[in-house]
Amino acid sequence: MLKTLSLILLLLVATNATAVNVEVLHYWTSSSEQAALLSVKQALAKKGDNWQDFAVAGGAGESAYSVLQTRAIAGNPPGAALLEGKAIEEWARLGFLSSPYTPEQTVEWDQVLPLAIKTNIKYRGEYVAVPVNIHRINWMWINPKPFAKLKLAVPTTWDEFFAVADKLQAAGYIPLAHGGQAWQDATVFENLLLGMEGGEFYRQVFMEQRSSAITSEKMVRVLEEFRKLKGYIDPDAANRPWHESVEMLRSGKAAMMIMGDWAKGEMMQDGDHPGQAFLCVVAPGTQGYFIYNTDSFAILQQNGNPVVVSGQRHLADVLMDKQFQVTFNKLKGSIPARMDVSLQDFDSCAQQSGKAFREAEASGKLLPSMAHSMATDAQTKEIFFHVLNSFFIHPEQTPQQAVQQLNTALIAVKS
């Protein structure tokens, strides 16, 4: 009897020893983001491991990155962290990220991931992060009820946008749902700039930071139109989280919103469906273009700890599993990072997004988002954030002053 009990205890200890706690830092706290995360936790549990949640609230992730930096410098990093764009390369260059994946994993990833995504998550030829999705940033979300009531056509250019916005405002609607945070201002601005001046100017400003483009009359005109948008946003917008602005759109209090397709994930989480409760249309003037960002989980260096590394590999298996990417992206509002995943069972907006991604990739109209860390490094992005947000909230500042401030700051960073 004692031998039998001892054997059972040994088996229980051995079973518990195989379960790994994978601590993951992230900043997803809205209802749709939490639902998407739950799908990760459940899938990882099926692998026999436990997701250890490390959430740091903040829509753009700045607070989470600060906490991650403190943990990493102290030699106590989590197993993985949600990172975007150029931040992945920056963390890899500092030696904080690792590539613990098996050859079988990375060979498959090479075959199914688009070049733009692979380039972003590789460092010196090795994967240091795992992508779960592709978000389209140049979406405009429409509540069709105000448009139907006033018999308005959905705007396809910025001139049409302002004309429609005037009519919506006169009828008592808030034309544009928006939260007055720097990253949300930058999201609207990059859409406005692309819609007004096109992809080449977008590249010159955000990807190359050319002084000739930043100080140009084109940039001044874009800033003038950006300032006009302030008049179509409600006075309580300051520091409002994005998902609260989504609720304004859903309720019909606001008629339009410019935001990535996580807005769709939030609306669908609340039971709404595209084509009925809301419409997805390309942001004015950006037809044919696809501004993208991708959410990736970077793998933190664990000094070869075999237990934690095994958990990291299991997490990578989960995140890149085809069926998981279907489940996750239906909840998050995005499309899968894997190009071999069918979108047949996705909603109409996701299907439109998948088609647009492939077409933009083939035609050279795929553009990395500045506002969401894909086009620039963190320091450069923060300069854009600061200047654009300051200009937006201080009506006494002229566009000419803003472009000079932006150009001077960018030159200082480069030198």
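Details
- Under Karplus coefficients 6.51, -1.76 and 1.60, residue-wise ³J(HN,Hα) of the range 90-101 in Hz, glycine/proline x: 4, 5, 5, 4, 7, x, 8, 9, 9, 10, x, 6
- If you plug the beta carbon distance of residue 323 and residue 362 into 1/(1 + (r/R0)^6) with R0 = 35 Å, you get a FRET efficiency near 0.80.
- For the range 33-149, the Stokes-Einstein estimate of translational diffusion at 20 °C and a viscosity of 1.002 mPa s comes to 127 µm²/s, using the Kirkwood hydrodynamic radius over alpha-carbon pairs.
- Nearby lysines by direct alpha-carbon distance to residue 330 (threshold 28 angstrom, same-chain neighbours under 8 apart not counted): 41, 46, 47, 86, 118, 122, 145, 253, 264, 322, 355, 365
- Close amide H contacts of residue 140 (hydrogens built in the peptide plane, cut-off under 5 Å, sequence separation of 5 or more or a different chain): 281, 282, 283.
- Using 0.36 nm per residue and subtracting the Cα-Cα separation, the extra length available between residue 126 and residue 167 on full extension is 9.4 nm.
- Helices in the chain, meaning DSSP H runs of at least 4 residues, each add -39500 (n - 2.57). Divided by all residues, the mean residue ellipticity at 222 nm is -16000 deg cm²/dmol.
- P(r) of the range 222-295 over all Cα-Cα pairs, binned every 10 Å from zero, in whole percent: 15, 46, 36, 4
- Rolling a 1.4 Å probe over the protein heavy atoms gives the range 220-303 an accessible area of 35 Å² per residue.
- Amide H contacts of residue 180 (H built 1.01 Å from N, in plane; Pro and chain starts excluded): 238, 239, 240 sit under 5 Å, all sequence-distant by 5 or more or on other chains.
- The loop-placed trypsin sites (Lys or Arg not before Pro) in the range 115-163, going by DSSP, that have at most 15 neighbouring Cβ atoms within 10 Å of their Cβ come out as 124, 151.
- Once the Kirkwood radius over Cα pairs is known for the range 189-256, the Stokes-Einstein relation at 37 °C and 0.692 mPa s delivers a diffusion coefficient of 239 µm²/s.
- Within the range 98-239, all pairs of alpha-carbon atoms sorted by distance into 10 Å bins from zero give the percentages 9, 29, 26, 20, 12, 3, 0.
- Length gained on full extension, residue 106 to residue 159, computed as 0.36 nm times the residue gap minus the Cα-Cα distance: 14.4 nm.
- Extent along principal axes [Cα atoms of the chain; Å; largest to smallest]: 84, 52, 40
- Residue by residue, the range 402-415 carries 3J(HN,Hα) couplings of 5, 5, 5, 4, 5, 5, 4, 5, 5, 4, 5, 5, 6, 7 Hz when phi is fed to the Karplus relation 6.51 cos²θ - 1.76 cosθ + 1.60 (θ = phi - 60°); x denotes Gly or Pro.
- Converting phi to 3J(HN,Hα) with the Karplus coefficients 6.51, -1.76 and 1.60 and the offset θ = phi - 60°, the range 314-322 yields 5, 4, 4, 4, 5, 5, 9, 5, 4 Hz in sequence order, with x at every glycine or proline.
- At 1.002 mPa s and 20 °C, Stokes diffusion of the range 150-229 via Kirkwood alpha-carbon radius, µm² per second: 155 µm²/s
- Sequence of 353, 310 when ordered by accessible area, the most exposed leading, probe 1.4 angstrom: 310, 353
- Virtual spin-label span in nm between residue 377 and residue 76, 7 Å along Cα→Cβ: 3.0 nm
The values are calculated or read from the model by the stated rules, or taken from the named source; none is laboratory data. Just so it is clear, the structure is predicted and the values come from calculations on it, not from any experiment. Don't worry about glycine lacking a Cβ; one is built from the backbone with ideal geometry, like all the others, and counts go over all protein chains shown. Heads up: the accessible areas ignore ligands, DNA and RNA and are worked out on the full protein's heavy atoms, side chains in. Shrake-Rupley method; radii C 1.70, N 1.55, O 1.52, S 1.80 Å.
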